[in-house]
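The values are calculated or read from the model by the stated rules, or taken from the named source; none is laboratory data. The structure displayed is predicted, hence computed values, not measured ones. With ideal geometry, Cβ positions are generated from the backbone for all residues, glycine too; neighbour counts draw on all protein chains shown.
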Amino acid sequence: MQQVVTQQAVDAAADAIVAAGGKPTFRLIQQRVGGSFTTLKPMLADWEARREAGRESAVEVPDALLARGADLVRTIYAEVAQQARVESEAVRKDAEARVGTMKDELSEATEEIARLEAQDAVRAEELAVLREASRALELKVGRLEERAEHATRMEAELRDARAALAKAEQQVIDLQGQLAKAGDVQRQLASLEERLAAAGVAPKGG
């Protein structure tokens, strides 16, 4: 059964990666807690938002400082400007880091999509092969059925031919018997004519 990924598990994994000096990414979090891109992405974004909120702090200028002289104001302004530049640089670096992280996540997401699309392509190819094999089997079955029908017809024709041959053989036997009987009659008739001739009696119609 697949393990359910929680926000607490993602927070702990991200904190551990930061503590080790790394940057929490989808791939690193996934290696620790599992889960899919669609599950981990919002949880990692929530962790980043809470971490950023903890960094931010409002800077207020006391009213007493505003009442001081121009020199003090210029000094404070210079310090504030310097601090602003420092903070601006920090914000810029943080933004660049975030952009880099987002690019990494985008790359990981693109790789994940490509992997899923590749799986779909492989499955589609396997399905096409199976369909082609199925069509080939259907053709073979059709040819075998045609052969079976042809064999059945041939067997029926062979039985008819054998029956006709047996009938013809019987007719030949019957004719041979009739011819044998006719020969006996001819011999008897010849013998009778010989006896009549010996007795001096001419056969009628002779």
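Checking the condition farther than 30 Å from Ile29 by Cα, at pLDDT 85 or above, part of a helix (DSSP H, G or I) and not assigned by TED's automatic domain parsing to the domain that holds Leu40, which residue from Arg115, Arg85, Arg131, Arg74 passes?
On inspection, the qualifying residue turns out to be Arg131.
Return a yes/no flag: does the range 125-132 have any residue that is among the β-branched types (Val, Ile, Thr), out of contact with any helix residue (DSSP H, G or I) (no Cβ under 7 Å at 6 or more places or on another chain) and within 30 Å of Glu52 (Cα to Cα).
No, the conditions are met nowhere in the range 125-132.
Could you please give the count of residues in the range 1-45 that are of a type in the set (D, E, K, R) and within 20 Å of Ala114 (Cβ to Cβ)?
Final tally of qualifying residues: 2.
Please give the number of the condition Ala109 fails out of (1) in contact (Cβ under 8 Å) with a residue 60 or more places away in the chain; (2) more than 30 Å from Phe26 (Cα to Cα); (3) among the aliphatic types (A, V, I, L, M).
Only one criterion is unmet by Ala109, namely (2).
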